[in-house]
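Participant: Next up is a structure, given as structure tokens.
The values are calculated or read from the model by the stated rules, or taken from the named source; none is laboratory data. Everything numeric in this text was worked out from a predicted model, so none of it was measured. Note that we place each Cβ from the backbone using ideal geometry, even for glycine, and neighbour counts take in every protein chain shown. Surface areas here come from the heavy atoms of the whole protein model, side chains and all, with no ligands, DNA or RNA. Shrake-Rupley method; radii C 1.70, N 1.55, O 1.52, S 1.80 Å.
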Amino acid sequence: MKSTMRLLVFLAALALLVAACGDTPAEETTTTTAAPGEETTTTTEATDPGTSFEGAVLDSGGCDYGGKLNTLTALDANTVEFVLCKPDPAFLAEIAFGVFGIQPAEHLEATGGAPLDNPIGTGPYALDSWNRGDSVVLSTNSDYWGPVATHDTLVIKWATESASRLLELQAGTADGITFPGVADLPVIEADSNLELIAKPEPNIFYMGLTVTHPPFDDERVRQAVAQGIDRQRIVDTFYPPGSETADFFTPCTLTNACGGEPWYDFDVDAAKALLEDAGLGDGFDTVIRYRQVDRGYLPTPADVAADIQAQLKANLNIDATIEEVESSQFIDESNQGLYDGIHLLGWTGDYPHVTNFLDGHFGKTITQFGAPFDDIAGPLETAASIADPDEAAPFYEQANNAIRQHVPMVPVSHSGAFVAAQAGIDGAHAPPWGHIQFNLWDNGKDTLVFFQNAEPGSLYCADETDGESLRVCGQIVEALYRYTIEGDVEPGLASECAPNDDLTVWTCSLREGVTFHDGSALDANDVVMSYTAGLDASSPLHTGSTGSWVYYDYIFGGLINAG
Amino acid sequence: MTVSRKKAIELLEDEAGDVTRLFEKPVGQWKLALRRFRGRRSGMTGLFIVVGLILVALFAPLIAPYEPNEILIGVEDVGRRDPPCIHVLGCPDETPQHIMGIDGNVRDVFSRIVYGSRVSLTLGFFTVTLALVVGSTIGAISGYAGGWIDNILMRIMDVILGFPSLLLAIAIVAVLGPGLRNALLAIAIVTLPGYARVMRAQVLAIKENDYVTASRALGSSTREILLKRIIPNALTPLVVLATLGVATAILEAAGLSFLGLGAQPPDAEWGSMLARERNQVFTSPHLVFFPGIAIMLTVLGFNLMGDGMRDALDPTLNR
């Protein structure tokens, strides 16, 4: 079966080469095989003598590893082909995500797969310097294939306190800031020198319950918490205008997000009855954990944690202590399902598809809420491979209803989010997806200064998850597709990615004449090697920053050779 | 030859003026100190502040109009971070009175400040007591025994002194875990070398005095000499140090709570109240002003009182 598939792929590649070059190429395929008992390595190279281009291939060796990508092949210098193990209707939206940025293959090799502070891309800005603890300085790429920035320099700085960021904005030392404090919004609105820009980002704030730890291993206890917390009160008290109480995990602006029964009403009596049934009528002790990081979905974590603590005590006689956890530790531990109490977390959409919310939290490989539920993960897996949204709708409905029944988390709010800027900056925007495109901001000066809420983890975003890193990386490195400021998906480094009929093969033509900041030309091997670094766990380029490669793992359903 | 008291006075007055006071009932050291303390305005101001705070802490349930952790959503028509409303100052009668405003969790700030005094004072007193008892014991043993015991104990104290106190407290709390009890322990540990060193210096000076030598010659045990002869005479500077130490301890506890390592939510503690609302310094300044003022007043009170006691107990400042 594997060899048949390989043969088919090879023939498809061959046919394209013939079509492209007009004569029959003499291929030379080199396959490296590991020692007996080990898995087959995944790189082969095909030589096109007509152009002397040696196309790189990322070959998973078949779909048995459980992931989504079968092969990724550089058909010629300007064409790559993704062969998937199953249809993926969200493919374009997924590959537009910033973590799939393309860097020169030579640069990835030279840095050992870890260009953590010296990324090279094709974006509207090139990295000048990263002054640790202070700022990242970027210079405008005058050869950019898209709109070239009117300013010469972009400086991205950071301040963890929203009051500090507002002060910088009010003082005129910042042209824009992220995450203005909720209490600061009226101040900004009232200031004619400033502009408040709504960021229509789909997000969710939820109370995570890991179902493998007692007492939350009892479904009745989870359902009691789901009904015993007044979520509307939390939204009304702590969230900015434009926020709403969540009836489903996924915001309803996304197709198929809100099929099925909406969330439970606030009903203390029903919640108490469930606790009585579970033998916990007198309450119990638990822990509420959160991280003190500004996010659109949770603007004041400490206040919300304190209110949930008070509601648990008042409504259900549950004594909760509050524990603030360092941000990266919190993400790591919650992802592993280590938390025995309630953890306060949220999600901001990465790409415009319901899979980005549901599959990343309730899919078959996700352990954040303990062992995945088959009646949630199963329908999600089926739905994810159906191209027609109407056909997929019943499966998402099943999944939503199962989530409601099992309560692996309690969805609380979909929050309004904002960016603030100096008034009068042409092109100032805050897109729903992806990062701000600062090259479209025209402040009429040589330098544009933007304050975000934290320093980037690294500038190699293939292996980063935080928005602060992605915002900087997105100015430097680009992906095959990208999100427009309105939220649509449009070609980026690819001029087009065309699917076959069943959406399992996507052939991407690269944009002509694009060069990296180091002057080298973009070609198909750069694409293959950039994906190989992220996806192939056995590749020497699979180094990264944290080594977790979260997005590659979950968007492609698992890493190749990860075992 | 014997002379009457009256005759003696007459004779002495001829030589040295009014000497009747030579025959007054002797005044004790502490009584004299109290008399001198009363004469020092700053010390008395400090005492008033401290006594006031202690009364506030003791009668908090009577003074505070609300429970410190009571969330007023649905209870009163108040909003998150509402500014102070004082009826006599013109706030409309229909608006509920909250003289220090409402915090980010819709709780009455005044009630939390009042109850916060309990936390701060308890923490200050217990920290200093612990540090004083342990530190002065170490200092007394070290100073009296001398030799290798002195060397070992003092080098340990030097190591503790070598770290910036707040940094060491943070490290200790990081190991023990956040919480008021651990913050108390951490601050006690970082402050005890001060007491140990002062006690050691006092013991070294006092143990050479004739009355100690006499006591030893009469066969008193080491324990008896330390407890009856040396420590009572070494207490004066320690009392001053402890009074000033309460202020330091309260300040450090507020610092730890500000960093999230001391009091845990929903406990009303001034440092954590300040930390929680630090981003509202421009939009809702009352939320950082009142906890800040409370910390400042308490520290000022103990410092003034400590200074006054130092002056009162220092025999060289006798006038």
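Participant: Mind scanning A:LYS199/A:LYS445; A:LYS86/A:LYS199; A:LYS157/A:LYS445; A:LYS86/A:LYS364; B:LYS31/B:LYS228 and naming the pairs with a C-alpha gap bigger than 26 Å?
Facilitator: A:LYS86/A:LYS199
Participant: Within 10 Å of each Cβ of A:279-287, how many other protein chain Cβ atoms are there on average?
Facilitator: 0
Participant: Another question, then. Quick one: what are the phi-derived ³J(HN,Hα) couplings along the range A:174-181, Karplus 6.51/-1.76/1.60 with θ = phi - 60°, whole Hz, x for glycine and proline?
Facilitator: Couplings: 10, 8, x, 9, 8, 6, x, x Hz.
Participant: Relative to the compact-globule scaling 2.2 N^0.38 Å, provide the ratio for the alpha-carbon radius of gyration of the range A:314-393.
Facilitator: Against the empirical 2.2 N^0.38 Å value, I get 1.36 for the range A:314-393.
Participant: Moving to a separate point now. Could you work out, residue by residue across B:277-290, how many beta carbons of other chains sit within 10 Å of that residue's beta carbon, and then give the average as an integer?
Facilitator: What the average comes to for B:277-290 is 4.
Participant: When all protein chains stay in place, what accessible area (Å², nearest 10, 1.4 Å probe) is found for A:GLU109?
Facilitator: Number for this one is 110 Å².
Participant: What's the FRET efficiency of B:ASP158 with A:ASN118 using the Cβ-Cβ distance as r and R₀ = 56 Å, to the nearest 0.05?
Facilitator: Numbers: r = 46 Å, r/R0 = 0.81.
For R0 = 56 Å, the calculated efficiency reads 0.75.
Participant: With each run of n ≥ 4 DSSP H residues scored as -39500 (n - 2.57), what mean residue ellipticity at 222 nm is computed for chain B after dividing by its residue count and rounding to the nearest 500 deg cm²/dmol? Don't skip to the end; give the middle numbers.
Facilitator: Numbers: 12 runs with 207 residues, N = 319.
It comes out at -22000 deg cm²/dmol, rounded to the nearest 500.
Participant: Enumerate the calculated ³J(HN,Hα) couplings along the range A:345-353 in order (Karplus 6.51 cos²θ - 1.76 cosθ + 1.60, θ = phi - 60°), each rounded to whole Hz, writing x wherever the residue is Gly or Pro.
Facilitator: Ordered by residue, 3J(HN,Hα) equals 8, x, 8, 10, x, 9, 8, x, 8 Hz.
Participant: When Rg is the radius of gyration of the Cα atoms in the range A:58-167 and Rh is its Kirkwood radius, what does Rg/Rh come to?
Facilitator: Result for the range A:58-167 is an Rg/Rh of 1.07.
Participant: While we're here: Based on the Cβ-Cβ distance of A:GLU276 and A:GLN329, what FRET efficiency does E = 1/(1 + (r/R0)^6) give at R0 = 41 Å, to the nearest 0.05?
Facilitator: Given R0 = 41 Å and the Cβ-Cβ separation, E is 0.70.
Participant: Mind listing P(r) for the protein assembly as shown? All alpha-carbon pairs, 10 Å bins, whole percents.
Facilitator: Distribution as computed: 2, 10, 17, 18, 16, 13, 9, 6, 4, 2, 1, 1, 0, 0, 0 percent.
Participant: Pull out the extension gain between B:ASN151 and B:ASP314, defined as 0.36 nm times the separation in residues minus the alpha carbon to alpha carbon distance; nm, one decimal. Before the final figure, lay out the partial values.
Facilitator: Values: separation 163, 0.36 × 163 = 58.68 nm, distance 2.94 nm.
Contour length minus the Cα-Cα distance gives 55.7 nm.
Participant: Dipole magnitude of the range A:208-414 about its Cα centre, charges +1 at Lys/Arg Cβ and -1 at Asp/Glu Cβ only, in debye to the nearest 20? If you can, show how the numbers build up before the last one.
Facilitator: Working: 11 positive and 34 negative charges, 55 e Å.
Dipole about the Cα centre, nearest 20: 260 debye.
Participant: State the answer as a single residue: which of A:GLY259, A:ALA314, A:LEU358 lies farthest towards the positive end of the charge dipole of the range A:235-384, with beta carbon charges of +1 for Lys and Arg and -1 for Asp and Glu, about the Cα centre.
Facilitator: A:LEU358
Participant: Summarise the partner chain shielding of A:311-319 as one whole number: the mean count of Cβ atoms from other chains within 10 Å of each residue's Cβ.
Facilitator: Mean number of neighbouring Cβ atoms from other chains: 1.
Participant: Still on this structure, please answer the following. Keeping all protein chains in the complex and leaving out DNA, RNA and ligands, what accessible area do you get for A:LEU167 with a 1.4 Å probe, in Å² to the nearest 10?
Facilitator: 80
Participant: Could you work out [θ]222 nm for chain A from helices alone, using -39500 (n - 2.57) per DSSP H run of at least four and dividing by all its residues? Round to the nearest 500 deg cm²/dmol. The partial results should precede the final answer.
Facilitator: Working: 16 runs with 165 residues, N = 563.
Helices in chain A give a 222 nm mean residue ellipticity of -8500 deg cm²/dmol.
Participant: Another one. Tell me the per residue accessible area of chain A using a 1.4 Å probe; a whole number in Å² is fine.
Facilitator: Values: 20890 Å² over 563 residues.
Counting only protein heavy atoms, the per-residue value for chain A is 37 Å².
Participant: Take the range A:208-414, drop everything but the C-alpha atoms, weight them equally and run the Debye formula without solvent; then report log10 I(q)/I(0) at 0.08, 0.10 Å⁻¹ to two decimals.
Facilitator: Listed by q, the Debye log ratios stand at -0.25, -0.40.
Participant: Additional query: Considering all projection directions equally, how large on average is the shadow of the alpha-carbon convex hull of chain B, in square nanometres?
Facilitator: Spelled out: convex hull of the Cα atoms, projected over all directions, averaged, 24.7 nm².
Participant: Rounded to the nearest 20 debye, what is the charge dipole size of chain B about its Cα centre when +1 sits on each Lys and Arg Cβ and -1 on each Asp and Glu Cβ?
Facilitator: Approximately 1200 debye in magnitude.
Participant: Over the range A:307-349, with a single point scatterer placed on each C-alpha, what log10 of the ratio I(q)/I(0) does the Debye formula yield at q = 0.23, 0.28 1/Å?
Facilitator: -0.87, -1.02
Participant: So, one more: When Lys and Arg each count +1 and Asp and Glu each count -1, what net charge do the other residues less than 15 Å away from A:PRO240, Cβ to Cβ, add up to?
Facilitator: Working: positive: A:LYS199, A:ARG295, B:ARG80, B:ARG81; negative: A:ASP184, A:GLU189, A:GLU201, A:ASP236, A:GLU244, A:ASP294, A:ASP303.
Result for the neighbourhood of A:PRO240: -3.
Participant: While we're looking at this one, here's another question. Can you tell me the 0 to 90 degree angle between the C-alpha axis of helix B:109-145 and the longest principal axis of chain B, rounded to 10?
Facilitator: 30
Participant: So for the pair A:ARG132, A:GLU161, with labels modelled 7 Å out along Cα→Cβ, what separation do we get in nm?
Facilitator: 2.5
Participant: Can you put A:ASP267, A:ASP536, A:ASP501 in order of accessible area, largest first, using a 1.4 Å probe? It would help to have the intermediate numbers written out before the result.
Facilitator: Details: A:ASP267 65, A:ASP536 5, A:ASP501 160 Å².
So, going from the largest accessible area down, we get A:ASP501, A:ASP267, A:ASP536.
Participant: Label B:ALA217 and B:LEU58 with points 7 Å out from Cα along Cα→Cβ: what is the distance between them in nm?
Facilitator: Modelled inter-label distance: 4.9 nm.
Participant: Oh, and also: Quick check: residue separation of B:LYS228 and B:LEU167 times 0.36 nm, minus the Cα distance between them. What number comes out in nm?
Facilitator: Details: separation 61, 0.36 × 61 = 21.96 nm, distance 3.79 nm.
My answer for the length gained is 18.2 nm.
Participant: Counting only the heavy atoms of the protein chains, how much of A:GLU195 is accessible to a 1.4 Å probe, in Å² to the nearest 10?
Facilitator: 70
Participant: Follow-up. Between A:LEU338 and B:PHE48, what's the calculated FRET efficiency when r is the beta-carbon distance and R0 is 30 Å? Round to 0.05. Present the calculation step by step, with values, prior to reporting the outcome.
Facilitator: Numbers: r = 53 Å, r/R0 = 1.75.
That gives a FRET efficiency of 0.05.
Participant: Next question. For the range A:323-461, state what percent of all Cα-Cα pairs lands in each successive 5 Å bin, counting from 0 Å until the bin that includes the largest distance.
Facilitator: Final binned percentages: 2, 8, 14, 15, 16, 14, 11, 10, 7, 4, 1, 0.
Participant: Spin-label point model (7 Å from Cα, Cβ direction): what's the B:PHE125 to A:ALA190 distance in nm?
Facilitator: 4.4
Participant: Any idea what the dipole of chain A comes to, in debye rounded to 20, about its Cα centre with Lys/Arg Cβ at +1 and Asp/Glu Cβ at -1? Each step should come with its number before you reach the end.
Facilitator: Values: 23 positive and 84 negative charges, 92 e Å.
It comes to approximately 440 debye.
Participant: Mind checking the angle between helix B:165-176 and chain B's longest principal axis? C-alpha axes, 0 to 90 degrees, to the nearest 10.
Facilitator: Long axis of B:165-176 versus the principal axis of chain B: about 70 degrees.
Participant: List the residues whose amide H sits under 5 Å from the amide H of A:SER495, counting only those 5 or more places along or on another chain, with H placed 1.01 Å from N in the peptide plane.
Facilitator: For A:SER495, whose amide H was placed from the backbone, the distant partners under 5 Å are A:SER509, A:LEU510, A:ARG511.
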